[in-house]
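Engineer: Take a look at this one; I'll ask things after.
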Amino acid sequence: MGFTEILEDFAACVAVAARVAPDRYPGWSSGWKGNLEEMMSLWNEIRPLLRRDVEQAQRIDSVLQEMVCVAEAGDTSGFQRAARALHGFDLLKLR
């Protein structure tokens, strides 16, 4: 998969996390924790490739870390709140 496709997948995962309450994920999905794992995996592929948007990447790192912390604490509303903040970034323009 190319950089753009990975970035699109990451943005899609973020959009789902922002729009779907953690207790409303479909039964066939891996749930909100699985979605977070996928986001982290995709971000780990994207992050080393970013050259221009380093400051934006640092802000994304911070929000993702917040998402991990609230997920570990079982704070589903905090998870969705952080996802909404991340969704507000223009993720598809990262380079």
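Engineer: Taking the Cα atoms only, what angle lies between the long axis of helix 54-72 and the longest principal axis of the chain, rounded to 10 degrees?
Structural biologist: Compared with the principal axis, the helix lies near 20 degrees.
Engineer: Still on this structure, I have one more. Compute the acute angle (0 to 90°) between the alpha-carbon long axis of helix 76-87 and the principal axis of greatest extent of the alpha-carbon atoms of the chain; round to the nearest 10°.
Structural biologist: Helix 76-87 and the main axis of the chain meet at about 20 degrees.
Engineer: Near A82, within a Cβ-to-Cβ distance under 13 Å, what is the net charge of the other residues, with Lys and Arg +1 and Asp and Glu -1?
Structural biologist: Residues near A82 contribute -1 overall.
Engineer: Then there's this: In degrees from 0 to 90, rounded to the nearest 10, what is the angle of the helix 31-46 Cα long axis to the longest principal axis of the chain?
Structural biologist: Around 10 degrees separate the two axes.
Engineer: Just the number: Rg to Rh for the chain, Cα atoms, Kirkwood Rh, two decimals.
Structural biologist: Result for the chain is an Rg/Rh of 0.95.
Engineer: Assign unit charges at the C-beta atoms only (+1 for Lys and Arg, -1 for Asp and Glu), then state the dipole size of the chain relative to its Cα centre in Debye, rounded to the nearest 20.
Structural biologist: Dipole size: approximately 260 debye.
Engineer: Take V70, V14, V20, V54 and order them by how many other Cβ atoms sit within 10 Å, fewest up front.
Structural biologist: V54, V20, V70, V14
Engineer: Placing +1 on the Cβ of each Lys and Arg and -1 on the Cβ of each Asp and Glu in the chain, which of Q65, A82, M40 has its Cα farthest towards the positive end of the resulting dipole?
Structural biologist: Toward the positive end, the furthest listed residue is A82.
Engineer: Restrict the search to the range 3-67; then list the trypsin sites (Lys or Arg not before Pro) that DSSP places in a loop and that have at most 10 other Cβ atoms within 10 Å of their Cβ.
Structural biologist: Passing sites in the range 3-67 are R51, R52.
Engineer: Suppose only helical runs count, i.e. DSSP H with n ≥ 4. What mean residue ellipticity at 222 nm does that imply for the chain under -39500 (n - 2.57) per run, divided by all residues and rounded to the nearest 500 deg cm²/dmol?
Structural biologist: Rounded to the nearest 500, it is -22500 deg cm²/dmol.
Where a number appears in this text, it was derived from the coordinates with a stated rule and is not lab data. Everything numeric in this text was worked out from a predicted model, so none of it was measured. Here Cβ is always computed from backbone atoms with ideal geometry, including for glycine, and neighbour counts include all displayed protein chains.
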